[in-house]
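The values are calculated or read from the model by the stated rules, or taken from the named source; none is laboratory data. No experiment lies behind these values; they were computed from the predicted model shown. Here the Cβ positions follow ideal geometry from the backbone for every residue, glycine too, while neighbour counts run over all protein chains shown.
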Amino acid sequence: MADRVLKVNAFTTFDLLDASVEGHGFEEEAFATLNVRTARNDPETVSLDLELDNTQLESVPPHADHVTLSAEEARTLATELQEAADRVDGADES
């Protein structure tokens, strides 16, 4: 990804995922970086950061999206992700 907004290094959660962006009258696909982070000292929230490769997009300017979660919200998201992953695993076994 050229001209990154997010810092990507060996500790980034996912540095190359398939992603898409959709708006009124457009939908584009691109590689993406997805990262979960907290402050190093005395963290109060969990941040979920997403950036799509701007070299693959025509309709959206370079940017990153951030969601700030409380510890409880992060646990709820983790539970939902685990349940969805279990459904996918169950479908693969059928």
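In this structure, is Asp42 among the charged types (D, E, K, R) and touching a strand residue (DSSP E or B) at 6+ places or on another chain (Cβ under 8 Å)? Judged against the criteria, Asp42 is not a match. Scanning segment 37-94 for residues that are among the hydrophobic types (A, V, I, L, M, F, W, C) and over 23 Å from Arg4 (Cβ atoms) yields Ala71, Ala74, Leu77, Ala78, Leu81, Ala84, Ala85, Val88, Ala91. Restricting to segment 35-66, what's the tally of residues that are under 17 Å from the mean Cα position of the chain (by Cα) and among the acidic types (Asp, Glu)? Selection size over segment 35-66: 4. Here Leu16 meets the list (1) surrounded by fewer than 15 Cβ atoms within 10 Å (Cβ to Cβ); (2) over 11 Å from the mean Cα position of the chain (by Cα); (3) at pLDDT below 95 almost entirely, failing just condition (2).
If you check Val8, Val21 for being assigned to a loop (DSSP other than H, G, I, E, B) and within 15 Å of the chain's Cα centre (by Cα), only one passes: Val8.
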